[in-house]
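The structure under discussion appears below in the form of structure tokens.
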Amino acid sequence: MWDTIIINPMTNLLLWIYDVLGHGPHMFGLAIILFTILIKVVTWPLNASQVKGAQAMQELNNDKDWQDIQKKYAKDREKLAQEQMRIYKEKGINPFASCLPTLIQFPIIIGLYQSITRALSITPFDMLKLARTIYPFQNVENIIPLNSTFLWMDLGRPEGILQSLIHTSFLPNGFPLLALIVALTTYIQSKLTMPTSSNPNDQSAQMSNMMSIYMPLLLGWFALNFASGIAIYFITSNLLGIVQYAATGRANWSNLLPGSKKK
């Protein structure tokens, strides 16, 4: 069921894009970038919901009535939390709306990783699995085997640069440049959409704060240990998300620097 719904369509979409681009060096990396853009288009309603949820939280935190309630129940955390949930219900605010689209990405991430490794078909067994995956309309003779090179990377292996100069048990593939970029862009994206709040019991702010810490570490770890094609997907997706949210004019740039003044 997982293969039929997720892996097979993703693999065939990647192969089709790669075939259209022309099978040459760096083309599979470009196929992953175009694939990511298509995923962003398909998941646009979820991303719009994320933006809307973040904006609603930002407007609530600037609302004078809500600020008065925070002051009134500053020493009664239980009552403050009750009032907070009441206001969320009245205004139709989902406190977890900004986190849900990120969580929904995980099936896509897993599916993409398996699609990349299957498409590259390193072993004869992988080739057999790929043959059973490819749809009849694909021009198999022209696209298999794939050219997995992209810039300095082999997209089927973990990324690293300066491998000849940096080779340790901790960094067996060299300096993990893309893993750091993945972590940085994930941090920037999560911080830009994070609503400001002076309420220590604000569930949305607490969840967003945890996500802004754990998600960069988690996705950076994925990029460090798995096929570098995953890192290409993460970076492209993050940059598109940052541009999309910045275009609304609601990006909270002050969140990027610890201790900066909140607006």
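The values are calculated or read from the model by the stated rules, or taken from the named source; none is laboratory data. Since we're looking at a predicted model, the values are computed, not measured. For neighbour counting, all protein chains shown are included, and Cβ atoms are generated from backbone atoms with ideal geometry for every residue, glycine included. For accessibility, only protein heavy atoms count, side chains too; no ligands or nucleic acids. Shrake-Rupley method; radii C 1.70, N 1.55, O 1.52, S 1.80 Å.
How do the pairs read when you match residues in the range 132-149 that are assigned to a helix (DSSP H, G or I) with residues anywhere that are open to solvent by 50 Å² or more (accessible area, probe 1.4 Å), using Cβ under 8 Å and keeping only pairs 6 or more apart or on different chains?
Close Cβ pairs satisfying both conditions: Thr133/Asp3; Val140/Ala131; Asn142/His23; Ile143/His23.
What's the number of the condition Pro216 fails, among (1) open to solvent by less than 20 Å² (accessible area, probe 1.4 Å); (2) modelled with pLDDT under 75; (3) under 30 Å from Leu80 (Cβ atoms)?
Condition not satisfied by Pro216: (2).
Taking the range 194-213 only, how many residues are at pLDDT 65 or above and part of a loop (DSSP other than H, G, I, E, B)?
Of the residues in the range 194-213, 1 are at pLDDT 65 or above and part of a loop (DSSP other than H, G, I, E, B).
Among the helices (runs of 4 or more DSSP H) contained in the range 4-64, which hold 3 or more residues that are of a type in the set (A, V, I, L, M, F, W, C), buried (at least 20 other Cβ atoms within 10 Å of the Cβ) and at pLDDT 80 or above?
8-21, 27-42
Examine the range 250-261 for a residue that is at pLDDT 75 or above, part of a helix (DSSP H, G or I) and open to solvent by less than 20 Å² (accessible area, probe 1.4 Å), and state whether such a residue exists. Don't jump to the end; show me each part of the working.
Let us first name the residues in the range 250-261 that are at pLDDT 75 or above, namely none.
For the range 250-261, residues at pLDDT 75 or above, part of a helix (DSSP H, G or I) and open to solvent by less than 20 Å² (accessible area, probe 1.4 Å): absent.
Evaluate the following for Lys91: is it modelled with pLDDT of 70 or more, among the charged types (D, E, K, R) and open to solvent by 70 Å² or more (accessible area, probe 1.4 Å)?
yes
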